[in-house]
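As structure tokens, the structure follows; a few thoughts come after it.
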Amino acid sequence: IRKPSLSVPAPEVRVWNCLKYVGNCVVSQAQEETIEMKDVFSVKLKRRRFVGQKKGGTLLGITVFKCLHKEENKLTDYAVHLNNLSEDHCHLWFRHLKEILNGFQNRPKSLKVFVNPSSHRREATHVYYDQVAPLFKLADIKTDVTVTEYEGHALSVLKECDLQAFDGVVCVGGDGSVSEVAHGLLLKAQIDAGKDTDYIPTPVRAPVPLGVIPAGTTNILAYTLYGIKHAVTATLHIIMGHIQPVDVCTFSTPSKLLRFGFSAMFGFGARTLALAEKHRWMPSNQRKDFAFIKTLADLKPEECELSFLPLQIPHEDPPENDIKDQWHKIQGHFLNVSIMAIPCLCSMAPRGLAPNTRLNNGSMALIAVQNTSRTEFIKHLKRYASMKNQFNFPFVETYTVQEVKVQPRLKGGLDAKEDTCLNAASAEGSHPWNIDGDLMKEASEVHVRVHPQLINLYGVNTDDLESSQATCNCI
Ligand SMILES: Nc1ncnc2c1ncn2[C@@H]1O[C@H](COP(=O)(O)OP(=O)(O)OP(=O)(O)O)[C@@H](O)[C@H]1O
């Protein structure tokens, strides 16, 4: 738009004497101020209205809403008022800027939203309606909201959902909720593709991206994608269509698929979650700290066999028999086994529970912590909160893998008393697993495979995030 326009002083400090549109920017010629259109997510006609008046009113200009980068990975919305009393000019600019906004292909126009009202301190509903929904409305995004009523509700809705009707799915809650929604989204994609959902060696990709609004206790996915637990930042990443392809794992027993997910812990991490779940009546932070300390006090190793296939360099492409030969096996007593396809950043581990993997490098980190003294184990745990290498201990082994099988030791070798002592958690014949913060109990071998870039998540690459300080207070 060439004509000078929008030249009345704005209510803020800035004065727009003369505007023009150059390339993809709105430029104020007089002050050489620029708003890059890639940072703009909404434009509205600005009118003077009386209290209670819904329509009409005197046109005052246009307001451009942009996404502003603040400190520590934080994003915020920011309104720039451009005043002009000419209806023609305002409409011309409004239409033109709207056209540009509509041209951004990654930005969603319609979203399916799940809100878990029971997450953390039960504030997810407020977070959504007070902070998120107004921004979606401002960005003209249509939403279809399900407030979940029970565990598994999001999964059953997703199984019946016509995903074609949406540009993305959003989950407001903690890691357990996000994991359920990610699983549902991927499972629905397999059902739609006519796959056998009990055995999926080559799953199809999720058809739409997933957005995570943090409202849980640990919020590992939100930290990993946005570097911060901040609902407005998460919302703006979704609105702006910042998309990251992310690796996903399948967790299966020999007979069925358990779950799609991003990370799992067996041993200490799973026992802690199992204990926390038993104390759901406690406030969430207290429950997690209590479970952590109690599990540490009752520290016990799990005896199991770990088989893993190290990451294959794609161009090598060995024949089937050679791949069989490349499976490695380690047996022993492990305090904890982590299998993680993403770095899993959180406030307790700002560099991540698995800083040696990336969001989409097609591999998983296998971190096996052999049995050791409690003192040594605590030293290892404390390192997560520091800048020191948490794996630099003789009892910690790390591998970059594409498949892992965890086979808990079959009962029989030891007498009953010793056996109960070693595998207290498996007293009912099953072992707890912590899969993305969701508790699962399995008796048999669990097979974990990584599927490169199987889902798009709204967010940024972990490498682009500013690092922050740890805030863990329990060790
Ligand atoms: N209305 C509901 N009542 C009870 N549980 C629910 C409900 N809706 C969803 N759930 C289940 O609650 C579980 C835990 O929720 P979520 O992970 O969001 O919260 P959290 O445990 O406080 O946070 P985090 O996992 O980050 O520590 C999920 O597995 C989800 O399936």
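We did not get these values from a lab; they are worked out from the coordinates using the rules stated. From a predicted model like this one, the values you see are computed outputs, not experimental measurements. Because the Cβ atoms are built from the backbone with ideal geometry, glycine has one as well, and the counts that use them run over all protein chains shown.
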How large is ³J(HN,Hα) for each residue in the range 53-70, as worked out from phi by the Karplus curve 6.51 cos²θ - 1.76 cosθ + 1.60 (θ = phi - 60°), to whole Hz, x for Gly and Pro?
6, 9, 10, x, x, 6, 6, 10, x, 10, 10, 9, 9, 10, 9, 10, 7, 9
Protection proxy ranking, peptides 80-86, 359-365, average beta carbon neighbours within 10 Å, highest first
359-365, 80-86
Going by Cα centres, the range 342-410 and the range 156-209 are how many Å apart?
28
If each Cα of the range 238-372 is one equal point scatterer, what is log10 of I(q)/I(0) from the Debye formula at q = 0.18 Å⁻¹?
-1.25
Neighbours of PHE136 by Cβ distance under 15 Å: Lys/Arg at +1, Asp/Glu at -1, summed charge +1
Charge tally for neighbours of LEU296 with beta carbon under 11 Å away, counting Lys, Arg as +1 and Asp, Glu as -1, is +2
Order of 280-289, 87-96 by packing, highest average Cβ count within 10 Å first?
87-96, 280-289
Take the cross-link list LYS46/LYS98; LYS229/LYS382; LYS256/LYS379; LYS38/LYS159; LYS142/LYS195; LYS288/LYS379 and give me the ones stretching past 26 Å between alpha-carbons.
LYS256/LYS379; LYS38/LYS159; LYS142/LYS195
Fully extended contour minus Cα-Cα distance, from TYR78 to PHE395, at 0.36 nm per residue
109.1 nm
Residues whose placed amide H lies under 5 Å from that of ASN73, excluding near-sequence neighbours:
GLU466
Bounding extents of the range 110-241 in its principal axis frame from Cα atoms, largest first in Å, are 41, 30, 28
Overall Cα dimensions of the chain, principal axis frame, Å, largest first
89, 49, 41
Report the Cα centroid-to-centroid distance between the range 52-103 and the range 445-459 in angstrom, as an integer.
39
Packing-based order for 50-59, 230-239, using average beta carbon neighbours within 10 Å, highest first:
230-239, 50-59
